[in-house]
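Participant: Before I ask anything, let me first share the structure, which is written out below as structure tokens.
Every read-out reported here was derived from the displayed coordinates using simple, explicitly stated rules and does not represent laboratory data. Predicted, not measured: the structure shown is a model, and the values here were computed from it. Cβ placement follows ideal geometry from the backbone for every residue including glycine, while neighbour counts extend to all protein chains displayed.
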Amino acid sequence: MYFMLSCGGRRKKIRGFSIIETLIALAIGSIAALVAVGIFSSGIKAIRGSGRTERLHTNASWVGERFAYWARRGESATLPDLETVLFDLPGGVIKTLSTAGGAFTEDGTPLTSGEVRVSRLRFEKIGGTVRIAFTLELPGTGEAFSGTTTAAMRNEL
């Protein structure tokens, strides 16, 4: 936009923005900034959510792997209750898998991370195999993972 300025009898053209144009540009810039912040914050939430899910799956994988590891080495298995299994290993060693304080434990030592809670754990002996069924949860998020696996006690077969 052009403005005419009269100075000493001569007219001079001055370029510039009016206050209305400046306010409109600020309003458009503010809206664009709000949209960008909204997109950024939803992206951060998605990243956090995928991180929680990944930690939940990592813990579930660890539970399954530790169970299968000891089951394969066991000569026999005893289930004193549905949430505990005792594997008799060669050399008279006994390995206990159970739950305590919301954690999956191996001989009383927690194997799951502190943020993950074991909400369901069941063992079942079927001949020379042992089955584990479990559900892990991330409290406060509504996220859960359920898994079932069966492992053969190779020393018993």
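Participant: Within a 10 angstrom radius of the beta carbon, how do Thr149, Thr112 rank from fewest other beta carbons to most?
Facilitator: Least to most surrounded, the residues fall as Thr149, Thr112.
Participant: With no solvent and one point per C-alpha, what does the Debye sum give as log10 I(q)/I(0) for the range 74-157 at q = 0.11 Å⁻¹?
Facilitator: -0.31
Participant: If you take every residue apart from Ala100 with its C-beta less than 14 Å away from the C-beta of Ala100, what net charge results, scoring Lys and Arg +1 and Asp and Glu -1?
Facilitator: -3
Participant: Another question, then. Beyond 22 Å, how much of the Cα-Cα pair distribution for the chain remains, as a whole percent?
Facilitator: 59
Participant: May I ask which residue of Ser50, Ile20, Gly101 lies farthest towards the positive end of the charge dipole of the chain, with charges of +1 (Lys, Arg) and -1 (Asp, Glu) on Cβ and the Cα centre as origin?
Facilitator: Ile20
Participant: By counting other Cβ atoms within 10 Å of each Cβ, how are Thr129, Thr109 ranked from fewest to most?
Facilitator: Thr109, Thr129
Participant: What number, rounded to the nearest 500 deg cm²/dmol, is the helix-based mean residue ellipticity at 222 nm of the chain, given -39500 (n - 2.57) per DSSP H run of at least four residues and division by all its residues?
Facilitator: Calculated mean residue ellipticity at 222 nm is -13000 deg cm²/dmol.
Participant: Something else now. To make sure I understand, if each residue's beta carbon is the centre and we count other beta carbons within 10 Å, what order do Ser98, Ser61 fall in, fewest to most?
Facilitator: Ranked by crowding around the Cβ, least crowded first: Ser61, Ser98.
Participant: Another one. Please give the Cα centre distance for the range 24-41 versus the range 100-134, rounded to the nearest Å.
Facilitator: Cα centroid to Cα centroid, the span is 49 Å.
Participant: Mind listing the phi-derived Karplus ³J(HN,Hα) values for the range 20-36, rounded to whole Hz, using 6.51, -1.76 and 1.60 with θ = phi - 60°, and x for any glycine or proline?
Facilitator: Each residue of the range 20-36 in turn: 5, 4, 5, 5, 5, 5, 5, 5, 5, x, 5, 5, 4, 5, 4, 5, 5 Hz.
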